[in-house]
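Here's the structure we're looking at; comments come further down.
The values are calculated or read from the model by the stated rules, or taken from the named source; none is laboratory data. Source: prediction; values computed, not measured. Cβ coordinates were reconstructed from backbone atoms using ideal geometry, including for glycine residues, and neighbour counts include every protein chain displayed.
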Amino acid sequence: MKKTILSIAILLILFSTAFANHPESNNKNAVASFQKEFKMASEVSWSETDKYIRATFHLDRQTYYAYYDFQGNLLGLIHHILTTSLPVELQKEIRKNYANYWVSELFQVSTEESTHYFIQIKNADETIVLTSEGNNGWHKYTSCKNNQENP
């Protein structure tokens, strides 16, 4: 009985270790590319769709999302940032044109070609999503009126 339980435990440990931190399809190209690029990453988890593979991980106490194609090429890197991390020109434009809004979400998308910023700002009446490529100013991506309940 003890041998059976010990054998099952060893098999479970080997099985879980063999598949830990790898995408379901065990895409070796993405994993190899990730390990080369983000050597210091921790708490890596993988997910996969029919279009890309995503690695979610921690680096320098921040959460990042790296998107890969099935050949292992990095498509983009996303992470949330503070408004103080935005280029100064973009910070000024937000303060000037959206002073009566608060920031509810802000993230940076980095690709090989460029860096984009997406910011969601809100006030009592509406929610706006703005985007910017580099320091080139904000452009309205979407906006919608907030639902207000009548008493």
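Counting residues that are farther than 28 Å from G134 by Cα, at pLDDT 95 or above and among the aromatic types (F, W, Y), which strands (runs of 3 or more DSSP E) fully inside region 11-88 reach at least 2? Talk me through it step by step, then tell me what you get.
Values: elements: 42-48, 53-59, 62-68, 74-80.
Passing ranges: none, list empty.
Kindly establish whether N97 is free of Cβ contacts under 8 Å to residues at least 24 places away in the same chain and at negative phi. It is false that N97 is free of Cβ contacts under 8 Å to residues at least 24 places away in the same chain and at negative phi. Out of T131, T127, T83, T142, I need the residue that is touching a residue at least 12 places away in the same chain (Cβ under 8 Å), over 30 Å from A32 (Cβ atoms) and touching a His at 6+ places or on another chain (Cβ under 6 Å). Which one? Residue meeting the stated conditions: T131.
Per the listing I119, I53, the residue uniquely in the same structural domain as S33 (by TED's automatic domain parsing), surrounded by 16 or more Cβ atoms within 10 Å (Cβ to Cβ), in contact (Cβ under 8 Å) with a residue 12 or more places away in the chain and within 17 Å of the chain's Cα centre (by Cα) is I53. So, in region 90-102, of the ones that are surrounded by 14 or more Cβ atoms within 10 Å (Cβ to Cβ) and not in a loop (DSSP other than H, G, I, E, B), which residue ends up nearest to the chain's Cα centre (by Cα)? This residue is L90.
Only one entry in K122, K145 is in contact with a Ser or Thr (Cβ under 6 Å, 6 or more places away or on another chain), over 21 Å from V31 (Cβ atoms) and among the basic types (K, R), namely K122.
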